[in-house]
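The values are calculated or read from the model by the stated rules, or taken from the named source; none is laboratory data. Just so you know, these numbers come straight off a predicted model, no measurement behind them. FYI the Cβ positions are ideal-geometry reconstructions off the backbone, even for glycines, and counts take in every protein chain you see. Remember, those area values only see protein heavy atoms, side chains included, never the ligands or the DNA or RNA. Shrake-Rupley method; radii C 1.70, N 1.55, O 1.52, S 1.80 Å.
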Amino acid sequence: MELLQRPRRLRKNELVRNMVRETRVSKSALIYPVFVREGKKIKEPIPSMEGQFRYSTDELLYELEKLAQAGIRRVMLFGIPDKKDELGSGAWAEDGIVQKALRLAKKEFPDLYYITDVCLCEYTSHGHCGMLSGCSVENDKTLPLLAKTALSHVQAGADMVAPSDMMDGRVLAIRNCLDENGFVDTPILSYAVKYASSFYGPFREAAGSAPSFGDRKGYQMDYHNRKEGLKEAALDVQEGADILMVKPALSYLDVIQEVANRFDLPVAAYSVSGEYAMMKAAAKMGWIDEAGVICESAVSIFRAGADILLTYFAKELAQYIDEGRIG
Ligand code: PBG
């Protein structure tokens with residue numbers, strides 16, 4: 001047999017395999033999403049997301065400490081207010097839950113990087129991501145509310161804001177508002193390519209943000225579409241986005257790849273609550289190897305072209321990186 005190329009030569013042992021890895025994963029590319037709620041001494045389990053909790057601000061500090069120890073230094077904060085109203089005014093309230101959490105967390109852990117999700121759906125009584133007129137979500141009237149929300153997060157200490165509402169023009173509205181108020185250096189991570197997805201189910205349970213009527217298909221994207229994702233990404237680049245995000249991740253690896261190839265901004269991917277819940281559930285049944293599947297899924301997202309991964313498995317991944325399973 002005169003085989004000149006034998007790919008197995010580079011698979012002979014772990015030392016050579018790890019040397020020729022094409023995809024590297026590091027802790028600095030991971031962002032951990034955290035839910036904060038009102039109250040004190042509360043660490044409330046989220047039933048559909050085993051291992052994830054809603055933290056009161058004091059309990060959040062313990063969690064941040066654990067994250068920092070694991071080497072995860074970037075978090076995305078989601079607020080769960082006690083009261084909701086028609087407009088979602090808790091989103092920009094000075095003593096809103098995210099604002100309070102930020103002030104406290106920045107004081108205790110100034111070396112972490114705080115990104116905030118900017119949306120109204122956790123704060124509106126109807127659960128939609130913007131202001132209603134009858135049964136439809138008003139695009140242009142929602143923009144100032146989102147800008148106000150982003151500004152209040154930054155004033156409370158957010159290092160970066162991440163609009164997830166999918167209104168047209170919201171990146172520009174937020175950019176202008178931050179600039180006018182002197183925050184020209186605060187970056188925007190845009191949920192640029194966000195699909196209307198059933199994979200958000202557990203998150204909506206966690207945040208109590210399921211729409212009370214209808215669905216989000218009037219503003220989030222139709223999952224049949226790929227080119228439309230590129231259009232959304234291009235618009236956000238024009239509007240001043242600093243990082244483009246694709247969401248969900250695992251069913252959209254093609255979209256991640258294309259956005260990464262086409263644009264010169266960093267690309268983030270959000271492996272969402274439903275992806276987490278599916279893996280957790282199957283692992284609990286003993287049907288899959290949890291660590292194996294977590295590693296393989298995360299690496300596939302980076303292999304597709306993502307530079308940054310938002311994942312509820314950030315702490316586990318940090319451990320697997322330490323153990324040399326991936327990295
Ligand atoms: C808010 C928002 C959602 C998620 C992130 N920001 C829910 C939604 O759009 O319905 C989903 C995150 C997840 O499922 O993990 N708009």
Quick count over the range 74-99, residues being in a helix (DSSP H, G or I) and within 20 Å of the chain's Cα centre (by Cα), is 4
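Test Lys247 against the criterion of being within 17 Å of the chain's Cα centre (by Cα) and among the charged types (D, E, K, R), and give yes or no.
yes
Any residue at all in the range 84-92 that is surrounded by 18 or more Cβ atoms within 10 Å (Cβ to Cβ), at pLDDT 95 or above and of a type in the set (D, E, K, R)?
Taking the range 84-92 first, the residues surrounded by 18 or more Cβ atoms within 10 Å (Cβ to Cβ) are 84, 87-92.
Narrowing the set further to residues that are at pLDDT 95 or above leaves 84, 87-92.
Checking the rest, the ones that are also of a type in the set (D, E, K, R) come to 84.
Checked against the condition, which is being surrounded by 18 or more Cβ atoms within 10 Å (Cβ to Cβ), at pLDDT 95 or above and of a type in the set (D, E, K, R), the range 84-92 yields at least one hit.
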Could you list, in sequence order, the residues of the range 188-217 that are closer than 20 Å to Leu87 by Cβ and either assigned to a helix (DSSP H, G or I) or free of Cβ contacts under 8 Å to residues at least 40 places away in the same chain (or both)? Arg204, Ala207
Return the pair list, or none, for Cβ contacts closer than 8 Å from residues in the range 258-275 that are of a type in the set (Asp, Glu) to residues that are near the ligand (Cβ under 8 Å from one of its atoms) and open to solvent by 10 Å² or more (accessible area, probe 1.4 Å), at least 6 apart or on different chains. Glu275/Phe199
Selection within the range 208-234 - away from the ligand (no atom under 16 Å from the Cβ) and basic (Lys, Arg): Arg226, Lys227, Lys231
Look at Ala156 and say whether it is surrounded by fewer than 22 Cβ atoms within 10 Å (Cβ to Cβ), aliphatic (A, V, I, L, M) and more than 15 Å from the ligand (Cβ to nearest atom). yes
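Give the residue that is farthest from the chain's Cα centre (by Cα), with candidates limited to residues of the range 267-308 that are β-branched (Val, Ile, Thr) and within 16 Å of the ligand (Cβ to nearest atom). Spell out how you get there, then give the answer.
Looking only at the range 267-308, we keep the residues that are β-branched (Val, Ile, Thr), and these are 267, 272, 288, 293-294, 299, 301, 308.
Going one step further and asking which of them are within 16 Å of the ligand (Cβ to nearest atom), we end up with 272, 294, 301, 308.
Details: Val272: 7, Ile294: 17, Ile301: 14, Ile308: 10 Å.
Here the residue is Ile294.
Please determine whether any residue of the range 212-233 is within 13 Å of Gly127 (Cα to Cα), in contact with a Gly (Cβ under 7 Å, 6 or more places away or on another chain) and not aliphatic (A, V, I, L, M).
Step one: filter the range 212-233 for residues within 13 Å of Gly127 (Cα to Cα), giving 212-216.
Going one step further and asking which of them are in contact with a Gly (Cβ under 7 Å, 6 or more places away or on another chain), we end up with 212.
Subset that is not aliphatic (A, V, I, L, M): 212.
Yes, because at least one residue in the range 212-233 is within 13 Å of Gly127 (Cα to Cα), in contact with a Gly (Cβ under 7 Å, 6 or more places away or on another chain) and not aliphatic (A, V, I, L, M).
Can you name the residue in the range 175-207 that is small (Gly, Ala, Ser) and away from the ligand (no atom under 11 Å from the Cβ) and, of all such residues, is surrounded by the most Cβ atoms within 10 Å (Cβ to Cβ)? Outline the logic, then answer.
Of the range 175-207, the ones small (Gly, Ala, Ser) are 182, 190, 192, 196-198, 201, 206-207.
If we keep only those that are away from the ligand (no atom under 11 Å from the Cβ) too, we end up with 182, 190, 192.
Values: Gly182: 9, Ser190: 31, Ala192: 29.
Step by step, filter the range 175-207, then rank; the result is Ser190.
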Considering Asp242, Asp264, which residue is at pLDDT 95 or above, more than 16 Å from the ligand (Cβ to nearest atom) and in contact with a Ser or Thr (Cβ under 9 Å, 6 or more places away or on another chain)? Asp242
In the range 46-76, anything out of contact with any Leu (no Cβ under 7 Å at 6 or more places or on another chain), under 10 Å from Val34 (Cα atoms) and in contact (Cβ under 8 Å) with a residue 24 or more places away in the chain is listed as Gln52, Arg54, Leu60, Glu63
Give the residues of the range 14-30 that are open to solvent by 100 Å² or more (accessible area, probe 1.4 Å) and in a loop (DSSP other than H, G, I, E, B), sorted by residue number. Glu22, Arg24
